[in-house]
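Single-structure report; data block below.
The values are calculated or read from the model by the stated rules, or taken from the named source; none is laboratory data. Please read these numbers as outputs of a predicted model, since none were measured by experiment. Cβ: placed from backbone, ideal geometry, glycine included. Neighbour counts: every protein chain shown.
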Amino acid sequence: MIRVAVAGAAGRMGDTVCRAVEGADDMTLTGRADPSLGTAVADVLADADVLVDFTVPDQALDNVRAAVGAGVHAVVGTSGWDVSAAEGLTGANVLFCPNFAIGAVLMMRFAAEASKLMAKAEIVELHHDRKLDKPSGTAARTAEMMEGDVPIHSIRLPGLVAHQEVVLGDLGQTLTIRHDSIDRESFMPGVLAAVRGVASLDRSPVVGLEHVLWPS
């Protein structure tokens, strides 16, 4: 049984993660950390094997350091923090996933392959108006995986959840690869896969859910 604590447990994503962990046959929820609950990350690490972090960019790195220092693996969904600052941390693994939706991971993989053959590309990412970082971690990761200089256009509007289009163009043709998350439940299979796979990573930190979906 994998013991899981959640940081940012009172937030929309954190609460959804808590419910997903509680519904998984091979996991048990051991702690919920959130300022609104009066519980700090340090309070939930002693009983955990994995900490799932859905907080804010200026808290994520401190949470990762605390988890690894306690020998607890960290699965991070918070974007906008400096993942390279986790280099050199020892004692547990860190996995940052810009997007946990399986379809979004496939979109990024397909876009990376398409960019090798198409002349140019641009990314349009659309998220709810409460999202703090711009561009999104998914868009930044997609552009990083693709060939060439790929501009990113960010849209923040109420009513959206998480959406991204990669539009590629070449002589006389275009190719559009789009992914839409219309409910936060779309991220949960990926979160659970990350929790199951983070301990088996052969290096840390690692960026991208693909490393547990298609381990090398």
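What are the residues in segment 43-78 that are touching a residue at least 60 places away in the same chain (Cβ under 8 Å), part of a loop (DSSP other than H, G, I, E, B) and within 23 Å of Q164 (Cα to Cα), if any? Hits for segment 43-78 are V56, G77, T78.
Within segment 19-40, the set of residues being without any contact (Cβ under 8 Å) to a residue 40 or more places away in the chain, assigned to a helix (DSSP H, G or I) and crowded, with 20+ Cβ neighbours inside 10 Å is empty. If only residues of segment 96-134 that are more than 16 Å from the chain's Cα centre (by Cα) and of a type in the set (K, R) are counted, the one that is modelled with the lowest pLDDT is R130. Within segment 91-103, the set of residues being farther than 15 Å from T176 by Cβ and outside any loop (DSSP other than H, G, I, E, B) comprises V94, L95, F96, I102.
How about segment 78-124: which of its residues are out of contact with any Pro (no Cβ under 6 Å at 6 or more places or on another chain) and more than 27 Å from R203 (Cβ to Cβ)? Passing the criteria: A114, L117, M118, A119, K120, A121, I123, V124. Does at least one position in segment 185-206 carry a residue that is small (G, A, S), on the phi < 0 side of the Ramachandran plot, surrounded by fewer than 17 Cβ atoms within 10 Å (Cβ to Cβ) and within 18 Å of the chain's Cα centre (by Cα)? Among the residues of segment 185-206, at least one is small (G, A, S), on the phi < 0 side of the Ramachandran plot, surrounded by fewer than 17 Cβ atoms within 10 Å (Cβ to Cβ) and within 18 Å of the chain's Cα centre (by Cα), which makes the answer yes. Scanning segment 108-143 for residues that are surrounded by fewer than 21 Cβ atoms within 10 Å (Cβ to Cβ), part of a helix (DSSP H, G or I) and not aromatic (F, W, Y) gives R109, A112, E113, A114, A140. Scanning segment 1-18 for residues that are exposed (fewer than 15 other Cβ atoms within 10 Å of the Cβ) and in a helix (DSSP H, G or I) returns a single hit, R12. Taken over segment 29-67, the criterion of being at pLDDT below 95 and under 17 Å from L95 (Cα atoms) is satisfied by V56, P57. Please determine, by comparing only the residues of segment 167-193 that are outside any loop (DSSP other than H, G, I, E, B) and touching a His at 6+ places or on another chain (Cβ under 9 Å), which one is farthest from G148 (Cα to Cα). Once the filter is applied, the top-ranked residue is S181. Scanning segment 68-107 for residues that are of a type in the set (S, T, Y) and surrounded by 18 or more Cβ atoms within 10 Å (Cβ to Cβ) turns up T78, S79.
Within the group V150, V212, which residue is buried (at least 18 other Cβ atoms within 10 Å of the Cβ), in contact (Cβ under 8 Å) with a residue 24 or more places away in the chain and assigned to a loop (DSSP other than H, G, I, E, B)? Being buried (at least 18 other Cβ atoms within 10 Å of the Cβ), in contact (Cβ under 8 Å) with a residue 24 or more places away in the chain and assigned to a loop (DSSP other than H, G, I, E, B) holds for just one of V150, V212, which is V150.
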